[in-house]
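Colleague: Dropping a structure here in structure tokens format, bear with me for questions.
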Amino acid sequence: QVQLVESGGGLVQAGGSLRLSCAASGRTVTTYAMGWFRQAPGKEREFVAAISGNRIFTYYEDSVKGRFTISRDNAKNTVYLQMNSLKPEDTAVYYCAAAHQVASRLRYECDYWGQGTQVTVSS
């Protein structure tokens, strides 16, 4: 089993930045693709970003490309999401996810989920 705990959410003004962290425990996730999803009120959960275990491959949802950066520190079993130039439409609960498969498939199937962290962007 893998436990995922997110942190770093909060309230920020439009144009600001936040960095989310996701700490994994239970087993090393070096061979797992890791990623982030988000769910806004009244909407379905959507894919945001994914990164391969070897950190070579990254994938982003179109609306966050150029603004968000996913990274990971395998020594710390932690994945990050740096969010810059935040917009009110980025407001959502952000979830960390892990998948024991290629990163390109994480948006379709995940094995583990965190509890989520709230990000609110005010206009």
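No lab work stands behind these numbers, since they all come straight from the coordinates. Just so we're clear, the structure is a prediction, and the values are computed from it rather than from any experiment. Virtual Cβ from ideal backbone geometry, glycine too; neighbours counted across all protein chains shown.
Colleague: Given bins 5 angstrom wide, list per bin the percent of all Cα-Cα distances in the chain, short to long.
Modeller: For the chain, the pair-distance distribution reads 2, 13, 24, 27, 19, 10, 5, 1, 0.
Colleague: Still on this structure: Averaging sequence separations of C-alpha pairs under 8 Å and six or more residues apart, then dividing by the length of the chain, give the relative contact order as a whole percent.
Modeller: After rounding, I find 36 percent.
Colleague: State log₁₀ I(q)/I(0) for region 26-94 at q = 0.13, 0.14, 0.20, 0.22 Å⁻¹ as given by the Debye formula over alpha-carbon point scatterers of equal weight, solvent excluded.
Modeller: Each listed q corresponds, in turn, to -0.38, -0.44, -0.82, -0.95.
Colleague: Which of the listed residues, Tyr94, Gly42, Ser104, is farthest toward the dipole's positive end in the chain, when Lys, Arg count +1 and Asp, Glu count -1 at the beta-carbon?
Modeller: After comparing all options, I get Ser104.
Colleague: Based on the mean of other beta carbon atoms within 10 Å per residue, what is the order of 70-81, 29-40, most packed first?
Modeller: Highest mean packing first, the order is 29-40, 70-81.
Colleague: If the convex hull of the alpha-carbon atoms of region 62-123 is projected onto planes in all directions, what is the mean projected area in square nanometres?
Modeller: For region 62-123, averaging the hull's shadow over all directions gives 5.0 nm².
Colleague: Oh, and also: Report the charge-dipole magnitude of region 60-123 in Debye, nearest 20, computed about the Cα centre from +1 at each Lys and Arg Cβ and -1 at each Asp and Glu Cβ.
Modeller: Computed about the Cα centre, the dipole is about 160 debye.
Colleague: Same structure again: About its Cα centre, what dipole magnitude does the chain give when the only charges are +1 on Lys and Arg Cβ and -1 on Asp and Glu Cβ, stated in debye to the nearest 20?
Modeller: 240
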